[in-house]
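Asker: Handing you this structure, nothing more for now.
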Amino acid sequence: QVQLVESGGGLVQAGGSLRLSCAASGRTFSSYGMGWFRQAPGKEREFVATINWSGFSTYYPDSVKGRFTISRDNAKNTVYLQMNSLKPEDTAVYYCAAAKYSGINYYYTAYNYWGQGTQVTVSS
């Protein structure tokens with residue numbers, strides 16, 4: 001069992017930056033593939049970023065590529081999402097997720113554990 005707790009969300013102006021953190025419980029964190037997803041009101045959950053167990057492989061959709069960076073610190077059981085050049089359309093609840101598969105995963109159905117989410121609001 002893995003428990004995930006996100007933090008770092010908030011209100012920021014367009015063009016600004018935020019860094020989300022996701023702290024994981026459990027001794028097997030380093031074996032999990034990790035991901036970030038987001039969901040805006042009235043929209044489906046959207047894939048944002050994924051990272052493999054070692055941190056050497058990442059993947060992003062075009063909507064955030066070049067602006068967002070996912071990273072992990074296995075010694076701290078934490079995964080991060082650095083978000084730069086934020087846009088109003090980035091406004092959503094952001095969720096951290098863990099998958100038993102250790103590689104990169106961009107389908108939300110591949111993830112076994114989810115955090116409670118953290119709100120990110122970008123004002124224009």
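The values are calculated or read from the model by the stated rules, or taken from the named source; none is laboratory data. The structure displayed is predicted, hence computed values, not measured ones. No Cβ is skipped: glycine too gets one built from the backbone with ideal geometry, and neighbour counts run over all protein chains shown. Ligands, DNA and RNA are excluded from the accessible area calculation, which covers all protein heavy atoms including side chains. Shrake-Rupley method; radii C 1.70, N 1.55, O 1.52, S 1.80 Å.
Asker: Output the peptides 60-69, 42-51, 74-83 sorted from most to least packed, where packing is the average of other Cβ atoms within 10 Å over each peptide's residues.
Answerer: 74-83, 42-51, 60-69
Asker: Roughly how many percent of the accessible protein surface of the chain is carbon and sulfur, given a 1.4 Å probe and a whole-percent answer?
Answerer: Of the solvent-accessible surface of the chain, carbon and sulfur hold 48 percent.
Asker: When the C-alpha atoms of the chain are aligned to their principal axes, what extent does each axis show, in angstrom, from largest down?
Answerer: Per principal axis, max minus min of the Cα coordinates gives 41, 26, 24 Å.
Asker: Using 7 Å Cα-to-Cβ label points, what is the E89/T28 separation (nm, one decimal)?
Answerer: Roughly 3.9 nm, to one decimal.
Asker: Another question about this same structure. Have a look at the DSSP beta bridges in the chain and tell me what percent are antiparallel, nearest 5.
Answerer: Antiparallel bridges: around 90 percent, rounded to the nearest 5.
Asker: Moving on to the next point. Taking θ as phi - 60°, what are the ³J(HN,Hα) couplings along segment 2-18 by the Karplus curve (6.51, -1.76, 1.60), each to the nearest whole Hz, with x for Gly and Pro?
Answerer: After applying 6.51 cos²θ - 1.76 cosθ + 1.60, I find 10, 10, 10, 10, 8, 8, x, x, x, 9, 9, 7, 4, x, x, 10, 9 Hz.
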